[in-house]
Amino acid sequence: MVGKVGNTTDLTIGRYAGLESFTLNAVGVESKELAIYNSGRTADIFSAKGDSGSLVWHIKDSEAQIVGQLHSAQNKGGLTSNHISYCTPGWYLLAEIKKKYKYADFYRTEWAV
């Protein structure tokens, strides 16, 4: 189970199977995606228009861990609600930030004064 706080849908819970998808388009641009499903058949949707950019996270050992950053979703069979939401993997985002800011510290729990 994963969660996110979105601008449109506020706090929602979804299901992440742990699989990553890598695609390559016709011009050679690689895309890395994670699929997040709604938490159940009758459950509220995980995301809606306006939630893009939200961090998707899960709780492990009482601490939140980044799963990814939400960027799009797809509905099912013409429904108005999203069935699958997609996010960029957190490991990829953190690696890209580290390339530009090599001293970035994502997991600090204490700060020197």
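The values are calculated or read from the model by the stated rules, or taken from the named source; none is laboratory data. It should be emphasised that the depicted structure is a prediction, and the values quoted were computed from it without experimental measurement. Here Cβ is always computed from backbone atoms with ideal geometry, including for glycine, and neighbour counts include all displayed protein chains. All accessible areas refer to the heavy atoms of the entire protein, side chains included, with ligands and DNA or RNA removed. Shrake-Rupley method; radii C 1.70, N 1.55, O 1.52, S 1.80 Å.
Examine the stretch 12-31 for a residue that is surrounded by fewer than 18 Cβ atoms within 10 Å (Cβ to Cβ), of a type in the set (Lys, Arg) and not in a strand (DSSP E or B), and state whether such a residue exists.
The answer is no, given that none of the residues of the stretch 12-31 is surrounded by fewer than 18 Cβ atoms within 10 Å (Cβ to Cβ), of a type in the set (Lys, Arg) and not in a strand (DSSP E or B).
Could you check the stretch 92-113 and list, in sequence order, the residues that are open to solvent by 100 Å² or more (accessible area, probe 1.4 Å) and assigned to a helix (DSSP H, G or I)?
Lys99, Lys100
Cβ-Cβ under 8 Å, sequence separation 6+ or interchain: first residue in the stretch 8-27 and of a type in the set (Lys, Arg), partner open to solvent by less than 80 Å² (accessible area, probe 1.4 Å) and not in a loop (DSSP other than H, G, I, E, B). Which pairs?
Arg15/Val2; Arg15/Ile36; Arg15/Tyr37; Arg15/Asn38
Being at pLDDT 90 or above, within 18 Å of Tyr37 (Cβ to Cβ), among the aliphatic types (A, V, I, L, M) and in contact with an Asp or Glu (Cβ under 9 Å, 6 or more places away or on another chain), is that true of even one residue in the stretch 50-71?
yes
Being modelled with pLDDT of 85 or more, out of contact with any strand residue (DSSP E or B) (no Cβ under 6 Å at 6 or more places or on another chain) and among the charged types (D, E, K, R) is the filter here, so list the residues in the stretch 21-49 that pass it.
Lys49, the sole residue that qualifies.
Restricting attention to the stretch 66-88, does a residue exist that is open to solvent by 50 Å² or more (accessible area, probe 1.4 Å), of a type in the set (Lys, Arg) and either free of Cβ contacts under 8 Å to residues at least 40 places away in the same chain or not in a helix (DSSP H, G or I) (or both)?
yes
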